[in-house]
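First the structure, in the form of structure tokens, and then the observations on it.
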Amino acid sequence: MRILITGAAGFLGSHLADRAIASGHQVIAVDNFLTGREINLAHLQGNRSFQLLNRDVIAPLELDGPVDWILHFASPASPPKYLRFPVETMRVNGEGTLHLLELAQRKKAGFLLASTSEVYGDPMVHPQVEGYWGNVNSVGPRAVYDESKRFAEALTANHRRQTGLPTRIIRIFNTYGPRMDPEDGRVVSNFICQALRNRPIEIYGDGRQTRSFQFVDDLVEGIFRLLEVDYSDPVNLGNPQEFTIADFAHLVKARTGSASSLVFKDLPVDDPRRRCPDISLARRILGWSPRVSIEEGLGRTIEYFQQELRRAG
Ligand code: NAD
Ligand code: UDP
């Protein structure tokens, strides 16, 4: 297949590109490097199955030749990054999604949207099932991300209703692993980098809020299984093992053997109090469940950040 991956220079997009090429597909990688990094794709440069285009996907994209799938991953994903680029985030999820749906229609390709557990907002239902509609503040600062992803889901679902386009929607829960940017600002990269530098580990709020962390390889496996299945409603992909953020800080400190102290900082506005996926649907339709334990995943991620910090000097 010929697969177009938007946001391919980012954390997740670069892993998808690897998986697609390893499976014998051709990849057209598109990125404007707003939050992504060339180094994430450096190992694929020169590969005959790989092509990189420096483009902003907010604008319509013209492409020669056939396309079988569009995997739309372009969007800032870390809270500090989407708060730094609020309009860009809303536009890539709004106009960008619309233009890529139209491209999929022109190419008779399938379209997969990378949506997010943020569509559940600060959830009143726990763990979160796909049938839960969410609890989102439409005028709060996080709305640049969660409301624009909700709009992207609505665009995708209604484009399919109107045109019959094959579509997939995945709701990704907090995912971590190698190739995260040390400056990304999300909790896994922050805690590991702070621990490795023996600097204070900064917990926002009282640390009793929860998140559930999925290793990137598990997510990639779930995505490629979903392409094989005719299912267009949203599917949660995440690891249901749930941690308080304080417990997660202790775990990172122990796994890195760090001398860091734990300090408490202000909680960001509208920070969800708990988050954990119900993955019954993915288990049933994909035969999928996460395989990588937190111990193994953290081990591989810590090793990666050790190399990154050495490389950066
Ligand atoms: P990332 O910031 O590492 O990657 C996003 C990529 O999109 C970057 O390379 C960036 O340069 C690119 N991009 C942004 N705007 C663009 C534009 N207008 N045109 C072209 N490229 C653009 O983030 P990530 O963690 O890899 O997330 C990728 C996708 O997955 C995002 O859509 C995000 O919302 C979704 N997601 C990720 C997670 C997670 O835990 N990593 C969770 C839920 C959803
Ligand atoms: N968080 C934290 N310290 C950090 C970064 C994040 O305590 O350095 C908290 C944040 O307030 C949230 C959780 O960790 O409760 C997960 O944050 P992240 O930015 O990774 O993703 P989110 O799930 O909020 O999108």
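Tabulated results
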read-out: Filter pass, ARG199 being of a type in the set (Lys, Arg) and either near ligand 2 (Cβ under 9 Å from one of its atoms) or farther than 24 Å from CYS276 by Cβ (or both); value: yes
read-out: Exclusive hit being farther than 30 Å from LYS108 by Cβ and in contact (Cβ under 8 Å) with a residue 40 or more places away in the chain, set THR210, THR163, THR156; value: THR210
read-out: Residues of segment 13-24 satisfying the condition of being buried (at least 24 other Cβ atoms within 10 Å of the Cβ) and either within 16 Å of ligand 2 (Cβ to nearest atom) or of a type in the set (Ser, Thr, Tyr) (or both); value: SER14
read-out: Subset of segment 167-212 [part of a loop (DSSP other than H, G, I, E, B) and of a type in the set (A, V, I, L, M)]; value: MET180
read-out: Looking only at segment 180-196, and only at residues there that are near ligand 2 (Cβ under 10 Å from one of its atoms) and of a type in the set (D, E, K, R), the one that is farthest from GLY297 (Cα to Cα); value: ASP184
read-out: Condition check for ALA249: of a type in the set (A, V, I, L, M) and away from ligand 2 (no atom under 14 Å from the Cβ); value: no
read-out: Evaluation of GLY46 against (1) among the small types (Gly, Ala, Ser); (2) part of a loop (DSSP other than H, G, I, E, B); (3) over 12 Å from ALA74 (Cβ atoms); (4) under 16 Å from the mean Cα position of the chain (by Cα) (one fails), failing number; value: (4)
read-out: Test set (1) within 16 Å of ligand 2 (Cβ to nearest atom); (2) surrounded by 13 or more Cβ atoms within 10 Å (Cβ to Cβ); (3) of a type in the set (S, T, N, Q) - SER261 fails condition number; value: (2)
read-out: Test: residue in segment 220-240 that is small (Gly, Ala, Ser) and under 24 Å from SER14 (Cβ atoms); value: yes
read-out: Top-ranked residue of segment 101-160 - restricted to ones that are of a type in the set (Lys, Arg) and outside any helix (DSSP H, G or I), ranked as nearest to ligand 1 (Cβ to nearest atom); value: ARG142
read-out: Close pairs from segment 275-292: first more than 15 Å from ligand 1 (Cβ to nearest atom), partner small (Gly, Ala, Ser) and not in a helix (DSSP H, G or I), Cβ under 6 Å, at least 6 apart; value: ARG283/SER289
read-out: Subset of segment 41-75 (residues that are touching a Gly at 6+ places or on another chain (Cβ under 6 Å) and of a type outside the set (Gly, Ala, Ser)); value: VAL57, ILE58, TRP69, PHE73
read-out: Residue that is modelled with pLDDT of 95 or more, surrounded by fewer than 24 Cβ atoms within 10 Å (Cβ to Cβ) and part of a strand (DSSP E or B), where the choices are LEU71, LEU34, LEU53, LEU61; value: LEU53
read-out: Criterion violated by ILE245 - all others in (1) under 22 Å from ASN198 (Cβ atoms); (2) surrounded by fewer than 13 Cβ atoms within 10 Å (Cβ to Cβ) satisfied; value: (2)
read-out: Odd one out for ALA29 among (1) of a type in the set (A, V, I, L, M); (2) crowded, with 18+ Cβ neighbours inside 10 Å; (3) in a loop (DSSP other than H, G, I, E, B); value: (3)
read-out: Members of segment 249-299 found to be touching a helix residue (DSSP H, G or I) at 6+ places or on another chain (Cβ under 8 Å), assigned to a loop (DSSP other than H, G, I, E, B) and among the β-branched types (Val, Ile, Thr), listed by number; value: VAL292
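The values are calculated or read from the model by the stated rules, or taken from the named source; none is laboratory data. Keep in mind it's a predicted model, so treat the numbers as computed, not measured. Cβ atoms come from the backbone with ideal geometry, glycine included; neighbour counts cover every protein chain shown.
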